[in-house]
Amino acid sequence: MISFFKRKPVPGDIIQGDGFEVVILRTNRRKSASIKVKESYITVTVPKWARLSDIELLIAKKSDWIKKQLLRQSAVIALSQRDYTEGEKLYYRGRQLTLSLQNNSEESISIKGEQLIISTIKGKQATQSTKELISNHFKELANQELVERTERFAKMIGTTYTAIRVKQYKSRWGSCSNQGLISYNWRIIIAPDPVIDYIVIHELCHLIEHNHSPRFWSLVGQFSPNYKEQRNWLRKKGLLLVI
Ligand SMILES: [Zn+2]
């Protein structure tokens, strides 16, 4: 299984900021407060005795700074503000595509070269929103790609699975059941090809090693020699895999 987050969120009080959440960490070792923004995970470390109202005030004061860090580090906020208009940039298998909206005699969506072309019938309301059209199309493509790659790598590794499922997951890229059912998050298709291959190999290797032991990682390394690079890519940029 591959989760989105390496670190589990630390339990504690949470302050709701303007479009973000801040986890409060209380410690005896500090006399002043410090804010950290790392991969869209925001913490404020404060002295044990600090008052909640004072911490809230500090977060409000630092709100612009926090947002700037979030934007710079992950661009997640910028992506969530996407409006699916002409010229917008999207990623598919690591390639940057430009959204092109056209009128045609029928509704369609296709990738041609560097363009993601969406055709709608002039004067007629589209059956789905642009975002829905894109995500449904990407889900279909993800299904084809992941089935093909899983078959290919399963032969290479010398293992067999029972079924493949491609779906929407909130917090993981893939998983493998004891019964040999492999499930993938369709958003994997936004990542570059070597990352997609790493996720497929990772799940297939779980059919042999049902854990994350050194034996498991050495097996992954046999078929994905640069797996550490791909794993880091996912940890750093995984949250950007949205359309
Ligand atoms: Zn795993």
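The values are calculated or read from the model by the stated rules, or taken from the named source; none is laboratory data. Since this is a predicted model, take the numbers as computed values, not measurements. When we count neighbours, we look across all protein chains shown, and the Cβ atoms used for this are built from the backbone with ideal geometry, even at glycine.
Taking into account only those residues within region 194-236 that are loosely packed, with under 14 Cβ neighbours inside 10 Å and in a helix (DSSP H, G or I), which is modelled with the lowest pLDDT?
236
Within region 108-120, is even one residue surrounded by fewer than 17 Cβ atoms within 10 Å (Cβ to Cβ) and at pLDDT below 90? Spell out the reasoning first.
So the first thing to find is which residues in region 108-120 are surrounded by fewer than 17 Cβ atoms within 10 Å (Cβ to Cβ), and the list is 108, 110-115.
This time we only want the ones that are at pLDDT below 90, so: none.
Checking region 108-120: not a single residue is surrounded by fewer than 17 Cβ atoms within 10 Å (Cβ to Cβ) and at pLDDT below 90.
Inside region 152-177, can you point out the residues that are within 13 Å of the ligand (Cβ to nearest atom) and either at pLDDT 95 or above or not basic (Lys, Arg) (or both)? Give the steps one after another, and end with the answer.
Our first condition is that a residue be within 13 Å of the ligand (Cβ to nearest atom); within region 152-177, this holds for 172-177.
Matches in region 152-177: 173, 174, 175, 176, 177.
Go through (1) within 14 Å of the ligand (Cβ to nearest atom); (2) closer than 30 Å to residue 101 by Cα; (3) touching a helix residue (DSSP H, G or I) at 6+ places or on another chain (Cβ under 8 Å) and name the single condition residue 185 misses.
(3)
Let's see how each residue does on (1) under 22 Å from the mean Cα position of the chain (by Cα); (2) modelled with pLDDT of 90 or more; (3) small (Gly, Ala, Ser); (4) closer than 28 Å to residue 171 by Cβ:
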{"residue": "8", "(1), (2), (3), (4)": "yes, no, no, yes"}
{"residue": "19", "(1), (2), (3), (4)": "yes, no, yes, yes"}
{"residue": "32", "(1), (2), (3), (4)": "no, no, yes, no"}
{"residue": "41", "(1), (2), (3), (4)": "yes, no, no, yes"}
{"residue": "54", "(1), (2), (3), (4)": "no, yes, no, no"}
{"residue": "69", "(1), (2), (3), (4)": "yes, no, no, yes"}
{"residue": "81", "(1), (2), (3), (4)": "yes, no, no, yes"}
{"residue": "84", "(1), (2), (3), (4)": "yes, no, no, yes"}
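With the structure loaded, tell me whether residue 99 is in contact with a Leu (Cβ under 8 Å, 6 or more places away or on another chain) and surrounded by 12 or more Cβ atoms within 10 Å (Cβ to Cβ) or whether it fails that test.
Working: in contact with a Leu (Cβ under 8 Å, 6 or more places away or on another chain): yes; surrounded by 12 or more Cβ atoms within 10 Å (Cβ to Cβ): yes.
Taking the combined requirement at face value, the residue satisfies it.
Working only within region 143-176, note down all residues that are aliphatic (A, V, I, L, M) and either assigned to a helix (DSSP H, G or I) or touching a Cys at 6+ places or on another chain (Cβ under 9 Å) (or both).
146, 147, 154, 156, 157
Could you check, for region 177-192, whether at least one of its residues is surrounded by fewer than 18 Cβ atoms within 10 Å (Cβ to Cβ) and either part of a strand (DSSP E or B) or in contact (Cβ under 8 Å) with a residue 60 or more places away in the chain (or both)?
The answer is yes, given that some residue of region 177-192 is surrounded by fewer than 18 Cβ atoms within 10 Å (Cβ to Cβ) and either part of a strand (DSSP E or B) or in contact (Cβ under 8 Å) with a residue 60 or more places away in the chain (or both).
Could you please find all residues in region 161-198 being among the β-branched types (Val, Ile, Thr) and under 20 Å from residue 235 (Cβ atoms)?
Narrowing region 161-198 to residues among the β-branched types (Val, Ile, Thr): 162, 164, 166, 182, 188-190, 195-196.
Hits for region 161-198 are 188, 189, 190, 195, 196.
Can you go through 155, 170 and tell me which one is under 20 Å from the mean Cα position of the chain (by Cα), outside the structural domain of residue 96 (by TED's automatic domain parsing), free of Cβ contacts under 8 Å to residues at least 12 places away in the same chain and surrounded by fewer than 15 Cβ atoms within 10 Å (Cβ to Cβ)? So that I can check it myself, show each step before the final result.
Values: 155 fails: under 20 Å from the mean Cα position of the chain (by Cα).
Criteria check complete, one pass: 170.
Checking residue 105 against (1) more than 23 Å from residue 232 (Cβ to Cβ); (2) at pLDDT 90 or above; (3) of a type in the set (Gly, Ala, Ser), only one condition comes out false. Which one?
(2)
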